[in-house]
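Worksheet for the structure shown next.
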Amino acid sequence: MGTASKGGLSPARSGSLAGKIANTLQDEIIAGRYKPGQRLVEREIIERFGVSSIHVREAFLDLEGRGLLVRRHNVGCSVIELTPKEAARICELRRTLEPKVVEWACERISDGAIAGLEKQLVKLERAASRRQLPSFFQEDIAFHRMIWAAADNPFAARSLDIVMGSLFAAGLIGGEQKATINLVAEVEKHRRLVEAIRQRDARSAAMALLDIAVGFEKNVPHMG
């Protein structure tokens, strides 16, 4: 198959076709195209991307590993749906782990990675200025992933990917809650984080991250 069908992906360009499908679906889940508890129909995904069932099943397994999908017997895969207690426990884990990861990033990040983080901040700011909430959340998680990568601890990065993926996927910032978020203020919090990382000030960076995490929780239903 030389070209993508129905807006799908081109196998000729893909290093891992299943991985690219998973990445696309992940972005759409985070953006709210698929709602918490909504089933992803394998046949529809196959037709959309013009791929085999093997690729789609591999993508679903990948998304399960990222904490975005759950598999139920005789039902298939659905977007994760968290209870308020589960969400609280995930936020608790994030508040404990991510500040430490930020401290590691301050010690290990390269100048090139800092430049990349600054560019990502511009994308986040652009999405905020346009009130493009789905884009904002996508740019936000991309921003955090860059920091996790800079920490050079893939085990912590994977844990955080699951944690944050689950929170966004469960629609914990959704509907009416979205209108209450001051995106400009959130960008400024991220700007302070970048500045602390640039200065390699681990303590200030960890505090800036914690401020971001707590602000996120205030916009989560049942937790604010």
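Worth a mention:
- Taking every residue in the stretch 63-82 that is free of Cβ contacts under 8 Å to residues at least 24 places away in the same chain and pairing it with any residue that is part of a loop (DSSP other than H, G, I, E, B), at least 6 positions away or on another chain, the pairs with Cβ-Cβ distances below 7 Å are Val70/Ile80.
- Qualifying residue in the stretch 52-64 (condition: modelled with pLDDT under 95, closer than 22 Å to Ala157 by Cβ and in contact with a helix residue (DSSP H, G or I) (Cβ under 7 Å, 6 or more places away or on another chain)): yes
- Residues satisfying the stated conditions in the stretch 65-80, i.e. under 30 Å from Ala156 (Cα atoms), surrounded by fewer than 20 Cβ atoms within 10 Å (Cβ to Cβ) and in contact with a strand residue (DSSP E or B) (Cβ under 8 Å, 6 or more places away or on another chain): Val70, Arg71, Arg72, Gly76, Ser78
- Within the stretch 133-163, the residues that satisfy the criterion of being part of a helix (DSSP H, G or I) and among the small types (Gly, Ala, Ser) are Ser135, Ala142, Ala149, Ala150, Ala156, Ala157, Ser159.
The values are calculated or read from the model by the stated rules, or taken from the named source; none is laboratory data. All values derive from a computational prediction rather than experimental measurement. Here Cβ is always computed from backbone atoms with ideal geometry, including for glycine, and neighbour counts include all displayed protein chains.
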